[in-house]
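The values are calculated or read from the model by the stated rules, or taken from the named source; none is laboratory data. These numbers come from a predicted model, not from an experiment. All Cβ positions, glycine included, derive from the backbone under ideal geometry; neighbour counts span all protein chains shown. Remember, those area values only see protein heavy atoms, side chains included, never the ligands or the DNA or RNA. Shrake-Rupley method; radii C 1.70, N 1.55, O 1.52, S 1.80 Å.
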Amino acid sequence: MAQLAAAPAGSVTLGSSHWQKQYAEAMEVYSGFDDDSLLHGFRLRAGLPAPGRPLTGWCARDSSMVLGQFLSTLAMFGAAQGDDDAIRQKAARLTEGWAQTFGLSGFSDLDHRMSPGGHYAFDKFVGGFTDVGSLLGVDTAYDALRELTTAGERYLDCSNVPASPVPALHSGRAGEWYTLSENLYRAAVATGDDRYRAFGDVWNYDHYWDGFRDTDRPADVWGVHAYSHLNTFGGAITSFGITGDADRLAIARNAYDFFTQTQCYATGGFGPAERIQPYGSLPASLDRRMDGFEAPCGSWAAFKLARELILQTGDGRYGAWIERLFYNGIGAALPTRPDGSHFYYADYRPTGAVKARARDTFCCCAGTYGQAVASYPGLVFFVDDRSVYVNLFTPAQIVHAAGGDEVRVRIETEYPLRPAVRVHVSIPRPMRFRLALRIPTGTGSIGPVRVGGDEVVATTQERGWLIVDREWTAGAHVVDFEVALDWHEEPIDEDHPDRYALMRGPAVYVLDAWRHEPLPGAPWPDDDTADGREDRGGVAHAVEQRGGPYEAALRPYFEIPEGWSYRMYFDRSPHAHPIY
């Protein structure tokens, strides 16, 4: 089994695109939150001077719900900026300010929202301090990590009651205790201290994980909290990276297949009403729920699991879920604002949906939005000693030390709006080098690969990658190819083919619902009407006759702004009657 390596922090920059703009806006917002306001509640309870203003919403008491995740976000943004020290200094100030209050007020700082014992906040702070220490080199973060872990070992409730499909226990008791192992294992790797590994073992969710050991279709897993139960498999795959336990890898693989094959909408989103659904129930969920998917939280959990599976197995197929969510999940979310308002639920109802913000501020998704967006540079490329693996076809550049030489790979494209992709490869001296392109799943394919305009080069397929393996001359090379962007219908599941979304390549397209025509079905439900489609500046249009002419406009879901009504899912044989 061939492993890959993550692109080193700071080696990747994003080029101009919708997602680079989202990344830059998020970095500005998260680096702009006021330090004193984030620390206000902690300082007040510790009896210290508390300048700034209290936060609002879920963080009205203190910022326990998000501060750990904000620290992780700042660490990823700061590491990507290289020599820009402003974000590093901010993360250090927040870490040191929190540590000062913790020493005075004790573990009660964490006893907020996740009673008993503050498991949720503990978990996020462990992750935040680990990232600030390992990515930014802030040693005081490791000091805070040790102090926090000492308190956790003493005070956290370890009864570990599994989740069950009832409201009081849908995330277990204490709530989401089973997510703690991942960040503690990460702390063990970052510090080399087995203490964190031992405490991580306390939170392994064998009661749930064992159901996925031998199958990707387990029984009796319904009704529990969807995001956190995906998140727990981050602990399983991280455990495999430490121990090499093949069962943990099998569990993570099967969990990936279970979610992507039975729980996901076309967008890659999952978990209506925040619950794991019985097989075959997704179609009905669209008629009953507007809370289709916790977009920031769910995207973050899926990114982590899929990324680790790519790293541990080298298998490109795990990039498919990353791609779906990059374009249609977090990549289609509304941005977090400086006042703490943010996107929470993605709405996919067939009768009409809209993008809207959560009614509360500084909720869990305010924390994971930053983490998911800050992770973008680490999702585009993977590497080994003499290769660069392109996981996402989005404008970006990596500088990679291949065999000790600095190779630059830069992607230029308008994908997924246009199929053409150009990759600039800069080679310092004659050398053998591999460029690996992830092969899209489903209807996607990669056309002939040309180097220098005319030469069609030989390629091989390996574990979900199309490999260009050749002796390169020194200098700049241009690699051109196209990634298929076929229109296709994506059934909501295999048992309900007549309820489906319309996709072009990996991007979901939605119908502009601000129309007066009676449209009980899709704009083109079969091939007979497909020829009526045309592409006008990235917006697909169809003109048909169905009791009269109309024009339907379909736009990529990621381009839909706040408050704009749309329809994502359609029924081939609708029961609704036209309205006259």
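The table for this structure:
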{"quantity": "Heavy-atom accessible area order for 494, 176, largest first, 1.4 Å probe", "calculated": "494, 176"}
{"quantity": "Accessible area of the stretch 1-108 belonging to carbon and sulfur atoms, whole % at 1.4 Å probe", "calculated": "51"}
{"quantity": "Size descriptor, Kirkwood hydrodynamic radius, that averages inverse alpha-carbon separations across the stretch 119-161, Å", "calculated": "10.8"}
{"quantity": "Relative contact order (%) - criterion: Cα under 8 Å, at least six apart; region: the stretch 1-89", "calculated": "28"}
{"quantity": "Charge dipole (debye, nearest 20) of the stretch 283-406; +1 at Cβ of Lys and Arg, -1 at Cβ of Asp and Glu", "calculated": "560"}
{"quantity": "Extension reserve of the residue 168-residue 445 stretch, reckoned as 0.36 nm per residue once the Cα distance is removed", "calculated": "95.1 nm"}
{"quantity": "Inter-label distance, nm, simple model (7 Å from Cα along the C-beta direction), residue 206/residue 401", "calculated": "4.1"}
{"quantity": "Integer Hz, Karplus 6.51/-1.76/1.60 couplings in order for the stretch 556-565, x for Gly and Pro", "calculated": "x, 4, 5, 8, 6, x, 4, x, 8, 7"}
{"quantity": "Sorted peptide list for 327-337, 293-303, criterion being average Cβ within 10 angstrom, highest first", "calculated": "293-303, 327-337"}
{"quantity": "Computed [θ] at 222 nm, deg cm²/dmol, the chain (DSSP H ≥ 4; -39,500 (n - 2.57); rounded to nearest 500)", "calculated": "-11000 deg cm²/dmol"}
{"quantity": "Principal axis box of the stretch 136-206, alpha-carbon based, largest edge first, Å", "calculated": "43, 21, 21"}
{"quantity": "Spacing of the two label points (7 Å from each Cα toward its C-beta) at residue 214 and residue 429, in nm", "calculated": "5.5"}
{"quantity": "Estimated inter-spin distance, residue 83 and residue 195, nm [label 7 Å along Cα→Cβ]", "calculated": "3.7"}
{"quantity": "Where the stretch 176-241 is the region considered: accessible area per residue in Å², 1.4 Å probe", "calculated": "32"}
{"quantity": "Positive-pole candidate from 204, 73, 168, dipole of the chain, charges at beta carbon", "calculated": "73"}
{"quantity": "Area accessible to solvent at residue 385, 1.4 Å probe radius, in Å²", "calculated": "110"}
{"quantity": "Per-q log10 I(q)/I(0), the stretch 1-92, q = 0.16, 0.22 Å⁻¹ (Debye; single scatterer per alpha-carbon; no solvent)", "calculated": "-0.76, -1.11"}
{"quantity": "Extension gain, residue 473 back to residue 498 (0.36 nm per residue minus Cα-Cα distance, nm)", "calculated": "3.7 nm"}
{"quantity": "Using θ = phi - 60° and Karplus 6.51 cos²θ - 1.76 cosθ + 1.60, couplings along the stretch 145-156 (whole Hz; Gly, Pro as x)", "calculated": "4, 5, 5, 5, 5, 4, 5, x, 4, 8, 10, 5"}
{"quantity": "Cα gyration tensor of the stretch 300-412 - equivalent ellipsoid semi-axes, whole Å, descending", "calculated": "32, 15, 13"}
{"quantity": "Sites residue 288 and residue 60, calculated FRET efficiency, Cβ-Cβ separation with R0 41 Å, nearest 0.05", "calculated": "0.85"}
{"quantity": "Accessible surface ranking that places the most exposed of 355, 304 first, with a 1.4 angstrom probe", "calculated": "304, 355"}
{"quantity": "Reciprocal of mean inverse Cα separation for the stretch 269-366 (Kirkwood radius, Å)", "calculated": "14.4"}
{"quantity": "Positive dipole terminus of the stretch 301-396, leading residue within 314, 369, 354 (C-beta point charges)", "calculated": "354"}
{"quantity": "Kirkwood Rh and Cα Rg combined as Rg over Rh, evaluated for the stretch 127-265", "calculated": "0.99"}
{"quantity": "Dipole-positive endmost among 270, 156, 425 within the chain (Cβ charges, Cα centre)", "calculated": "156"}
{"quantity": "Candidate values [x] 48, 30, 26; [y] 50, 27, 22; [z] 37, 31, 23, label of the one derived for semi-axes √(5λ) of the Cα gyration tensor in Å", "calculated": "[z]"}
{"quantity": "Unit charges on C-beta of K, R, D, E only; dipole of the stretch 1-83, Debye", "calculated": "260"}
{"quantity": "Tensor-based shape of the stretch 206-358 (alpha-carbon gyration tensor, a/c under 1.5 rounded, otherwise prolate or oblate)", "calculated": "prolate"}
{"quantity": "The chain: relative contact order in percent, alpha carbon pairs under 8 Å with at least 6 residues between", "calculated": "13"}
{"quantity": "Lys, Arg +1 and Asp, Glu -1 on Cβ, resulting dipole of the chain about Cα centre, debye, nearest 20", "calculated": "700"}
{"quantity": "Potential lengthening between residue 35 and residue 153 on full extension [0.36 nm per residue; Cα-Cα distance subtracted]", "calculated": "39.6 nm"}
